[in-house]
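Every number here is computed from the coordinates shown, using simple stated rules; none is lab data. This structure is a prediction, so every number in the text was calculated from the model and none was measured. Note that we place each Cβ from the backbone using ideal geometry, even for glycine, and neighbour counts take in every protein chain shown.
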Amino acid sequence: MAYTVIESIAREIVSRLEQIKIANGYAFNVTSVIRPNRNATWTPEDRLILVKQGDSTKNESLSCPGNPPAMAFDTTFELCGFVRTSDFCSKEYESIENDPVLRLSKRSRLKPPTPACGTRSQVTQSSLTL
Amino acid sequence: MPTRFEQHLRRTVVPNLVRQFGESAEYFPCNGESRAIEVLVIRDPLSIASEVGEVLVNALVVRVKNASDGITADELDTGGDKLLIALRSGGDTSLRSIVQLLSDANGFLRLLVQ
């Protein structure tokens, strides 16, 4: 099944985040990577990543006329990583958060994909909430 | 130190409330074996998960006996404990995280389950 460019990017982000595993050289295993659905069936878990898609805005500087015209958009994906430590854990909260932040940032950095069907999209990562 | 009123409530009212209005659920402590418990559930409509912006999340408020046949306050760990419970009364059960201890009074623990 063919996906739109933006859906392909979203799936790629999810796919890459799902590869965060000890077996792949990371310090921890991601529990799951989810995109919210209408019924809100997800449940907060430690090391779960929620991928939120923001609005798309046209990027005039990368767009250009022609036949077909190239249309560029900026879309923000927000990755919300859950760190749910034990009630009995005495380790500093920030020190637990800091390590996954670095790894999520590294993993989710995407290059703009190549143009497809006269449309180009660019992904920017706006923020990382932990 | 609990008051006499609290002790009376814990001994007499709590078991009766659980017997009358309770439903079965399974408690999965993050460290330990799961066990069946009886809980009183308030099923709220979908709410916004404020930590992550405008993302919907299911929220249940669960009351459970603060005792060994419920969940004791010192074993509860909101960092990883889960409850196998139905989002809709009579519906399919699913494993949900216990995210917060809302209150602890009169023999009941009031828990936020999402």
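Quick look at the values:
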| item | result |
| --- | --- |
| Per-residue [θ]222 nm for chain B (sum of -39500 (n - 2.57) over DSSP H runs n ≥ 4, rounded to 500) | -2500 deg cm²/dmol |
| Peptide B:30-37, shielding by other chains (average Cβ, 10 Å cutoff) | 1 |
| Formal net charge of residues neighbouring B:Asn106 (Cβ-Cβ distance under 13 Å; K, R +1; D, E -1) | +4 |
| For A:61-68, mean number of other protein chain Cβ atoms within 10 Å | 0 |
| Inter-chain Cβ neighbour average for residues A:41-50, partner chain, 10 Å | 5 |
| Charge-dipole axis of the protein assembly as shown as Lys and Arg at +1 and Asp and Glu at -1 on Cβ define it, positive-most pick from A:Tyr3, A:Gly66, B:Phe21 | A:Gly66 |
| Centre separation in Å (Cα based) which lies between the stretch A:1-77 and the stretch B:1-78 | 36 |
| Rounded, prolate or oblate (a/c below 1.5 giving rounded, otherwise prolate when a/b exceeds b/c) for the stretch B:13-52 by Cα gyration tensor | oblate |
| Rounded, prolate or oblate (a/c below 1.5 giving rounded, otherwise prolate when a/b exceeds b/c) for the stretch B:4-113 by Cα gyration tensor | prolate |
| Calculated FRET efficiency for the pair A:Val83/B:Asn106, C-beta based, R₀ 25 Å, to 0.05 | 0.15 |
| Tensor-based shape of the stretch A:21-100 (alpha-carbon gyration tensor, a/c under 1.5 rounded, otherwise prolate or oblate) | prolate |
| Built amide H within the under 5 Å cut-off of B:Asp81, gap 5+ | B:Cys30, B:Ile98 |
| Residue order, fewest to most beta carbons within 10 Å, for B:Lys82, B:Lys65 | B:Lys82, B:Lys65 |
